[in-house]
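Heads up, the thing below is written out as structure tokens.
The values are calculated or read from the model by the stated rules, or taken from the named source; none is laboratory data. Values in this document were obtained by computation on a predicted structure and should not be read as measured data. Reconstructed Cβ throughout: ideal geometry from the backbone, glycine too, with neighbour counts over all protein chains shown.
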Amino acid sequence: MPYASSTIFASLVLVLGYVHARHIDAYTPQSAPYQTWPGQSGYNQCGTSYNQSSECQNVYLNNVQDFCLWAPPYPGSTIGDTEQVEVAWCMQSGYGTRLIPDGTITGAHLVVTPDYVQITGVGNLTNINILNNDQGGEFDYYGAAGGGYPVGGLVFSSAFGQLQQVDTWTSFISYDLFCFRACKPSVNSSTLCQYAYSVMGCEWNMPANYSAGVFEECVGDSGQPMGVYGTSTFSQGQPTTPAPLPMPPSSSCTFYSTITNGQGVLPSGAASTRATEVPITPAFRSRPYILSV
């Protein structure tokens, strides 16, 4: 049927055009189109004013005081029900996103490696609309059809120098735990930001510090590719799950007493204070890194 064939061809051209736009052309926050994928629920032209009802789907992973997380647009949501429509919640204003309320993040650990920037941590993430006790889920740059989860979501980072779009990334979040890794463009990016282990969670995919009460920014070594153990590669669903890979070493850390959004945006009842840099001491440097359980 010529009409059906031409319609299918036109649809394919449209989708391929979006693929080209998202995965070849590098956007800046200012040059991004209103939406980057068909059926996207939010938008990528976000302006600069924060708004707790924003539907912006741009996140930033710059430093421990300036990062964003994907989380639901409406309260009491499970990640499984909203993974396609999540919006950006950020620690700093200026991006046109929602702000993470002060006091929500109770521990955050950012590390910049030669291949990726990564943040891990804990908090009361019910403050950003995640249902209490929800074990959460995974977001990544591909999703079900190439548009990512959330659909149309863009990731930007200045961790490698100039602010740039990062095409290859993966993230997990639950009601009390989060992790986010954005990989520097390279031949290793798809293995170091693997999305094949969607049910394995943060501590298996990104072995790191998840301790509460510490806010730190470090440089570190790149970890081994997720799921690769010497000459063997683990596949999700196999009868025996291997232990997480070793946590890579890090150093040159800067510590902060807390982090805030700088705008006094709170959950109910807490007072807001600005982040204060803490001098690095040998005690801080020698503190053991313990994975939460």
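Here is a yes/no grid of residues against (1) modelled with pLDDT under 95; (2) within 21 Å of Asn261 (Cα to Cα); (3) outside any strand (DSSP E or B); (4) touching a Leu at 6+ places or on another chain (Cβ under 9 Å):
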{"position": "Ala108", "(1), (2), (3), (4)": "no, yes, no, no"}
{"position": "Val111", "(1), (2), (3), (4)": "no, yes, no, no"}
{"position": "Ile119", "(1), (2), (3), (4)": "no, yes, no, yes"}
{"position": "Asn132", "(1), (2), (3), (4)": "no, no, yes, no"}
{"position": "Ala144", "(1), (2), (3), (4)": "yes, no, yes, no"}
{"position": "Gly147", "(1), (2), (3), (4)": "yes, no, yes, no"}
{"position": "Gly152", "(1), (2), (3), (4)": "no, no, yes, no"}
Checklist entry - Does the range 198-218 include one or more residues that are assigned to a loop (DSSP other than H, G, I, E, B), in contact with a Phe, Trp or Tyr (Cβ under 6 Å, 6 or more places away or on another chain) and at pLDDT 95 or above? => result yes
Checklist entry - Does any residue of the range 233-250 turn out to be farther than 22 Å from Thr126 by Cα, outside any loop (DSSP other than H, G, I, E, B) and aromatic (Phe, Trp, Tyr)? => result no
Checklist entry - Of all residues in the range 219-232, which are part of a loop (DSSP other than H, G, I, E, B) and surrounded by 10 or more Cβ atoms within 10 Å (Cβ to Cβ)? => result Asp221, Ser222, Gly223, Gln224, Pro225, Met226, Gly227
Item to check | Residue list for the range 56-106, filter: touching a residue at least 60 places away in the same chain (Cβ under 8 Å), over 16 Å from Val155 (Cβ atoms) and in a strand (DSSP E or B) | outcome: Leu99, Ile105, Thr106
Next on the checklist: Can you tell me which residue is surrounded by the most Cβ atoms within 10 Å (Cβ to Cβ) among those in the range 21-55 that are outside any loop (DSSP other than H, G, I, E, B) and modelled with pLDDT under 95?
Outcome noted: Arg22
